[in-house]
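Nothing in this text is a laboratory measurement; each read-out follows from the coordinates by a stated rule. Everything quoted here is computed from the prediction, not taken from an experiment. For neighbour counting, all protein chains shown are included, and Cβ atoms are generated from backbone atoms with ideal geometry for every residue, glycine included.
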Amino acid sequence: MFDLLIQNANIPGGQTGLDIAVADGRIASIDRNIPANKAREVIDAGGHLVSPGFVDSHMHLDKVLSLGDTESKTLDAAIRNFTLYLQGIPAGMLGEDIRRRAEQVIRLAVSSGTTALRTNANVEAASGLQGIQALNELKEHVRDVVDIRITCLPNFYDGPEAQEQRLQLIDQACGEGLIDFVGGANHHHDNCAELTERLFKIAVKHDLPVDFHVDESDEPNIAEFEQVARLTMEHGYEGRVSCGHVTALNAVDDVTAARAIEHARKADLNIITLPSCNLYLMGRTDKQPIRRGVTRIREFVEAGVNIAYASDNIRDPFRPLGNADMLEEGLLTAQVAQMVTTSELETVFAMGTVNGARAMGLTDYGLAPGKRADLVIFDATSAPEALLSQAIRTHVIKNGRVVARNSVTAELLF
């Protein structure tokens with residue numbers, strides 16, 4: 001007996017009329033005409049789309065819902081305003097504050113079809129590893145409804161002595177198994193190249209993958225991006241490194257950009273584009289024409305580089321918008337990248353699912369026998385239709401168990 005049978009499903013890429021059988025939390029079979037009496041629970045997809053769950057591969061759960069009454073019109077202002085928010089938290093209450101806000105957003109994300117996510121966690125001078133510890137507690141608490149992976153995000157603003165302290169904290173966190181990826185936003189600091197190299201060495205020491213914010217700037221300087229590609233190949237880390245943002249790639253000339261993208265292809269880098277946040281924060285000093293502030297999505301796709309989109313910041317000083325909804329983020333990505341043909345929308349949909357899973361190293365993810373049954377059923381017949389209509393996710397399934405149902409009732413009175 002199967003635990004669950006989803007009948008008459010369409011899947012991304014165009015196959016239709018399939019049945020998906022689930023046992024022990026994994027996909028047991030994908031075939032046609034699997035008898036309903038072979039399963040304890042049956043869901044008739046009715047010719048609607050069934051896909052693997054969304055993978056939100058870059059977000060900041062320790063910052064979500066911290067907007068308050070401040071306004072941040074630049075990245076630097078957002079950093080200052082979030083620092084002020086942290087200073088307003090009573091002593092000893094940071095962990096509780098993070099867990100409360102993050103759990104609210106996780107509920108939004110799961111109901112919208114996200115089954116795995118990767119969150120950054122700040123490493124601050126005053127609070128040390130408190131944020132990382134709080135997110136580990138939450139990770140365990142919600143493990144049955146969503147997989148969480150944690151990236152450290154050290155802030156290196158206050159001199160060499162404090163920088164050294166944070167590097168030691170990160171090394172400690174790696175040794176204690178508190179983080180899954182070694183990260184940083186090194187381009188904000190004068191000694192970017194040094195920090196990038198030292199963090200990379202910590203990752204190699206502990207055999208952990210890397211997840212950096214890279215060249216999140218309007219300036220024509222992609223030195224860090226090129227350094228990360230070089231270090232990746234030097235350390236044999238191909239496929240294990242993610243580069244978020246890379247917005248400065250838009251400010252360099254096409255020849256330079258093409259060279260850097262080729263380096264990324266050779267290094268098998270994973271690119272994470274964050275259109276909603278970058279559209280909000282980048283290009284703030286531009287007069288017309290104002291740059292979109294989004295990396296070269298189409299060029300990465302055409303070069304065969306794995307590129308995913310993700311939600312980044314959600315209702316905090318860095319972006320006052322967001323619903324933790326990857327389908328919403330996908331439609332915006334399609335529009336800003338001007339990728340709206342049927343085949344291009346299939347590509348964008350994959351950027352929020354299989355590409356994100358690849359960036360996070362989720363080897364048991366996907367639509368195939370033996371993979372984990374992390375699935376979403378949409379009120380749409382195809383991936384392009386789901387994006388265009390922002391389809392209701394009627395069922396969200398984690399490890400073979402329905403964890404969320406959604407419905408909308410509309411009554412036309414004309």
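Points to keep in mind about this one:
- Dipole magnitude of the stretch 90-194 about its Cα centre (Cβ charges: Lys, Arg +1; Asp, Glu -1), debye to nearest 20: 540 debye
- Which of Ser112, Val214, Gln338, positive extreme of dipole for the chain (C-beta unit charges): Ser112
- The charge dipole of the chain, taken about the Cα centre with unit charges on the Cβ atoms of Lys, Arg (+1) and Asp, Glu (-1), comes to about 740 debye, rounded to the nearest 20.
- Dipole of the chain, positive direction: furthest Cα of His58, Ala386, Asn81, with charges on the beta-carbon: Ala386
- Coil-residue trypsin sites (Lys or Arg not before Pro) of the stretch 50-134, DSSP, other Cβ within 10 Å capped at 13: Lys73
- In the chain, a dipole from Cβ-located charges (positive for Lys and Arg, negative for Asp and Glu) runs towards its positive end, and of Gly322, Ala39, Ala173 it is Ala39 whose Cα lies farthest in that direction.
- The stretch 54-359: translational diffusion in µm²/s, Stokes-Einstein, Kirkwood Rh over Cα pairs, 20 °C, 1.002 mPa s: 112 µm²/s
- Rounded to the nearest 500, the 222 nm mean residue ellipticity of the chain from helices alone is -11000 deg cm²/dmol, with -39,500 (n - 2.57) taken per DSSP H run of at least 4 residues.
- Per-residue Karplus couplings for the stretch 366-378, computed as 6.51 cos²θ - 1.76 cosθ + 1.60 with θ equal to phi - 60°, are listed in order as x, 9, 6, x, x, 7, 5, 7, 9, 9, 10, 9, 10 Hz, Gly and Pro entered as x.
- Vicinal HN-Hα couplings computed from phi for the stretch 399-414 (Karplus, 6.51 cos²θ - 1.76 cosθ + 1.60; Hz; Gly/Pro x): 6, x, 10, 5, 10, 7, 10, 9, 8, 9, 10, 10, 10, 8, 10, 9
- Magnitude of the charge dipole for the stretch 149-218, about its Cα centre and with charges confined to Cβ atoms of Lys, Arg (+1) and Asp, Glu (-1), is about 260 debye.
- Coupling constants for the stretch 349-362 follow from the phi torsions by the Karplus curve (6.51 cos²θ - 1.76 cosθ + 1.60, θ = phi - 60°), and in residue order they are 4, 5, 4, x, 10, 5, 5, x, 5, 5, 4, 8, x, 7 Hz; glycine and proline get x.
- Loop-located GluC sites (Glu not before Pro) in the stretch 149-255 (DSSP state other than H, G, I, E, B) with a sparse environment of at most 16 neighbouring Cβ atoms within 10 Å: Glu176, Glu238.
- For the stretch 263-309, trypsin sites (Lys or Arg not before Pro) are listed when DSSP marks them as loop and at most 13 other Cβ atoms sit within 10 Å of their Cβ; the list is Lys287.
- Relative contact order (%) - criterion: Cα under 8 Å, at least six apart; region: the chain: 21 percent
- Counting only residues at least eight positions apart within a chain, or on another chain, the lysines with an alpha carbon under 29 Å from that of Lys287 are Lys73.
- Whole-angstrom gap from the stretch 381-414 to the stretch 109-166, using each part's C-alpha centre: 30 Å
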